[in-house]
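Note sheet for the following structure.
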Amino acid sequence: MSWLKEQAVLLKRFLAGAFCRTLSLCALGMLLAVLLGVGTGLLLPEESAQVINFFMEQVEESGAINEQGEMSVFSLLMNNWRAMLVSAVYGLIPFLFLPLLSLLYNGLLLGILAVLLQSRGVSILTYLAGILPHGIFELPALVLSVACGVVLCRNMCRMVTGSPRKVPFMALAEDLLRVLVLVIAPLTVAAAFVECYVTPVVMAFFL
């Protein structure tokens, strides 16, 4: 128990430090990406529909939804964990800041989907009912994983350029691993269960 307390203290210290600013900027970036998605949906409806169709094909191929239209908690969880881990690990590539692409892609999807559903007569309340129950867990997990990737990428840039502001790789890796294991992983578990068992019930009230 003392070990877990120590990890929680170290995690809190890391989250309250410079990581907090990066996390805030990523959250703002997510919001801007959603707004960009709304604008894209309004200005380019046909292209937006193609993006959503492509996304739905990806969902079907992932196995998260079976032929009966039922969702699998395990498949959702594996997909979420893989997506979050990839968002963070992409930070190992310096200068490109690839984790931000995940933020942009997901934000665009949310905005485009909102516009597309409204154009088909689905109210904004129904849309939110289908997003928010699990989104309150999944979206913070996504933003956190992207922030981890951004912090990692920035430090990789500093290491490559020999900047005195670089952080020892293993020390940073330990901090990021705490975020992944102690924060992101529980959030994705909660998101998977809520998406399977709570979101459909909430949506039923609006359909």
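The values are calculated or read from the model by the stated rules, or taken from the named source; none is laboratory data. None of the values given here were measured: they were computed from a predicted structure. Every residue, glycine among them, receives a Cβ derived from its backbone with ideal geometry; neighbour counts consider all protein chains shown. Calculation scope for accessible area: heavy atoms of the full protein, side chains included, ligands and nucleic acids excluded. Shrake-Rupley method; radii C 1.70, N 1.55, O 1.52, S 1.80 Å.
For the stretch 139-207, state which trypsin sites (Lys or Arg not before Pro) are in a DSSP loop and have at most 12 other beta carbons lying within 10 Å of their beta carbon.
Details: sites: R154, R158, R165, K166, R178; in loops: R165, K166.
Passing both the DSSP loop test and the Cβ count: R165.
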Check: Among rounded, prolate and oblate, which fits the stretch 31-98 when a ≥ b ≥ c are the square roots of the eigenvalues of its C-alpha gyration tensor, a/c under 1.5 means rounded, and a/b larger than b/c means prolate?
Finding: oblate
Margin query: Can you tell me how the stretch 90-207 classifies by the Cα gyration tensor, rounded, prolate or oblate, using a/c under 1.5 as the rounded cut?
Written below: oblate
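Of all trypsin sites (Lys or Arg not before Pro) in the stretch 1-78, which ones are in loop regions per DSSP and have a Cβ with at most 13 other Cβ atoms within 10 Å?
Working: sites: K5, K12, R13, R21; in loops: none.
In loop regions of the stretch 1-78 (DSSP not H, G, I, E or B), there are no sparsely surrounded trypsin sites (Lys or Arg not before Pro).
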Note to self: Could you work out what % of the accessible surface of the chain is carbon and sulfur, using a 1.4 angstrom probe and leaving DNA, RNA and ligands out of the count?
What the structure shows: 71
Check: For the stretch 109-207, which chymotrypsin sites (Phe, Trp or Tyr not before Pro) are in a loop by DSSP, counting at most 15 other Cβ atoms within 10 Å?
Finding: F205, F206
Checklist line | For the chain: relative contact order, % (alpha-carbon pairs under 8 angstrom, 6 or more apart) | finding: 31
Margin query: How much accessible area per residue does the chain have, counting only protein heavy atoms and a probe of 1.4 Å, in square angstrom?
Written below: 58
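Over every pair of different alpha-carbon atoms in the stretch 61-153, take the mean of 1/r and invert it; report that Kirkwood radius in Å.
One decimal place: 14.6 Å for the Kirkwood radius.
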Item checked: Residue with peak Gaussian network fluctuation, the chain [Cα springs, cutoff 10 Å], from V38, V86, V160 -> V160
Item checked: Positive-end residue, the stretch 14-95 charge dipole about Cα centroid, Cβ charges, pick of T40, L76, T22 -> T22
